[in-house]
1. Starting from the Cα-Cα distance between ASP126 and ASP161, subtract it from 0.36 nm times their residue separation and give me the gain in nm to one decimal.
2. To the nearest 0.05, how large is the calculated FRET efficiency for TYR25 and LYS154 if R₀ is 30 Å and r is the Cβ-Cβ distance?
3. I'd like the distance between the alpha-carbon centres of the range 81-129 and the range 243-280, rounded to an integer number of Å.
4. Need the full-extension length gain, SER14 to SER78, defined as separation in residues times 0.36 nm minus the C-alpha distance. One decimal, nm.
5. With each label point set 7 Å from Cα along the Cα-Cβ vector, what nm distance links THR227 and SER190?
6. So which chymotrypsin sites (Phe, Trp or Tyr not before Pro) in the range 181-270 are both in a DSSP loop and have at most 14 other Cβ atoms within 10 Å of their Cβ?
7. Could you sort 90-101, 281-292 so that the peptide with the highest average Cβ count within 10 Å comes first and the rest follow in order?
8. Trypsin sites (Lys or Arg not before Pro) within the range 170-248: which are DSSP loop residues with at most 11 other Cβ atoms inside 10 Å?
Amino acid sequence: DAPLVFNDKNLETSWRPENSSGKFYGPTRLREAFYRSRNLVSIRLLKSMGIKPTLKHITKFGFNERDLPKDLSLALGSAGITPIDVAAGYAMIANGGHYIEPYLVTHIENSKGETLYKSDPYVVCDKICMVEKNAAEEENDASTEDGLTKESFKPAPRIADARAVFILHSMMKDVIKKGTGRRASALKRSDIGGKTGTTNDQKDAWFSGFNTEVATSVWVGFDNPETLGRREYGSRAALPIWMDFMKDALADTPAAHLAQPEGIISVKINAKTGLRTSYAEQTLFEYFRNENKPEEERATPPSLDQFVTTPSESTARPEDIF
């Protein structure tokens with residue numbers, strides 16, 4: 001989390017993205033950067049991943065690539081996306097990485113009660129559910145004398161690695177436990193996660209969050225964009241609305257956590273370096289995919305200087321950005 005300056009001779013000014021606080025915090029683990037909304041870390045992450053591969057992955061969540069900027073501002077939420085599309089995207093994170101499509105009408109009947117239309121949505125289905133579905137279809141194929149059949153459904157296809165989604169799920173819970181969305185801890189639920197969002201000059205404020213059963217997105221802004229007011233961030237303008245709704249939506253329902261998939265391990269790491277450790281003063285447990293388990297820390301902890309981006313590394317060519 002260090003300053004970044006992007007120079008382009010085709011632009012009149014340089015781009016100097018900042019955190020909302022205007023401060024820089026140095027080496028930062030990705031989880032912490034996420035729940036604290038550190039913009040500079042997000043930009044570096046996107047730059048290392050590449051714009052094209054990122055856009056290719058994002059479109060799996062139902063977004064139209066034409067609506068997404070093809071530059072590093074994508075990391076800061078510069079795309080103009082409708083609330084229903086944002087909610088649908090979050091629902092796919094909430095359900096563990098399965099594709100769904102939002103729909104507004106479940107069915108239409110005429111005056112005689114006859115069904116004229118019935119929606120056919122994707123349904124998230126685990127292994128047990130698929131066994132039951134296949135058994136029901138076999139029963140339908142046999143056909144009964146009265147012609148009655150059990151309803152079938154479209155199982156939602158998987159669009160993301162279950163392990164990666166599980167880790168992201170965990171990170172989004174930390175947004176509420178100790179990050180920009182911690183006000184929502186007043187709901188006293190251990191199963192909710194989410195993310196705040198605020199555009200430049202506080203013209204748009206967002207909070208989107210979920211448990212595994214309900215995903216909700218709240219946007220606050222004007223039809224003709226103008227500032228909502230000083231310090232009207234997502235955590236202040238949108239989150240209270242989200243909390244009011246989710247308090248009722250989740251009332252009297254049990255905690256709904258995402259099951260930990262196979263291939264995930266919990267490792268004790270040095271809170272400063274992110275390396276595996278058994279002796280560091282500040283340690284914590286972090287989730288990793290098996291193949292991404294960090295290296296064991298040396299007897300002499302490495303200098304943090306190696307994690308700081310030098311000026312030459314923080315300068316990108318125009319073709320890298322646009």
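1. 11.1 nm
2. 0.05
3. 27 Å
4. 21.3 nm
5. 4.3 nm
6. Answer by residue number: PHE222.
7. Sorting 90-101, 281-292 by mean packing, highest first, produces 90-101, 281-292.
8. LYS188, ARG230, ARG231
Quick note: the coordinates plus some simple rules give every number you see, no bench work behind them. Everything quoted here is computed from the prediction, not taken from an experiment. Virtual Cβ from ideal backbone geometry, glycine too; neighbours counted across all protein chains shown.
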